[in-house]
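A quick write-up on the structure given underneath.
The values are calculated or read from the model by the stated rules, or taken from the named source; none is laboratory data. This one's a predicted model, so the numbers in the text were calculated from it and none came from an experiment. Counting neighbours? That spans all protein chains shown, and the Cβs are built from the backbone with ideal geometry, glycine included.
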Amino acid sequence: MILKPVRKNQLLYIMEIKIFNSGKKCIAQLISKQVEIKDQQDALDIMMESRYQGADGLIVSAENLHPDFFDLKTGLAGEILQKFSTYQAYLAIVGDFSKYPGKSLKDFIFESNKIGRINFVATPEEALQALTK
């Protein structure tokens, strides 16, 4: 487990990252509820911290993502996910995606899951399974 200080709104929080080693791959999971990924730099910081710890993939909760991530018109999802593609890292986002309206988001989730670099799943266990296959 890695604990790292993160500054948010002039307050200092601890970012907790749990590491899973399946023998085949090493996966990091962002545990902290206070950490919000609001732009591509936040995503890059967390991804690189995970990579520094030897992780090939990262699990985050949908709650850790700014709500604009799920509004594809903002471009935030594309910016963040492009970083994972550029650095050849894998990502699993855990949450209930049925609460987000829109066919384009549902299609985006379907296509992402089909390709496998980015996975949208319901549970951390599904995320771990998706990233270690």
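Quick notes on this one:
- Selection from the range 78-113 of residues that are within 18 Å of Glu49 (Cα to Cα) and surrounded by fewer than 11 Cβ atoms within 10 Å (Cβ to Cβ): Thr86, Gln88
- Test: residue in the range 25-33 that is part of a helix (DSSP H, G or I) and over 24 Å from Ile109 (Cβ atoms): no
Results for (1) touching a Ser or Thr at 6+ places or on another chain (Cβ under 9 Å); (2) modelled with pLDDT of 95 or more, shown as yes or no for each residue.
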position	(1), (2)
Lys25	yes, no
Ser32	no, no
Asp42	no, no
Gln53	no, no
Ile59	no, yes
Leu76	no, yes
Val94	yes, yes
Pro101	no, no
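- No other residue among Lys24, Lys38, Lys73, Lys33 is among the charged types (D, E, K, R) and closer than 24 Å to Lys133 by Cα apart from Lys24.
- Scanning the range 50-97 for residues that are in contact with a helix residue (DSSP H, G or I) (Cβ under 9 Å, 6 or more places away or on another chain) and among the aromatic types (Phe, Trp, Tyr) gives Phe69, Phe70, Phe84, Tyr87, Tyr90, Phe97.
- Qualifying positions in the range 114-123 - modelled with pLDDT under 95 and surrounded by 11 or more Cβ atoms within 10 Å (Cβ to Cβ): Gly116, Arg117
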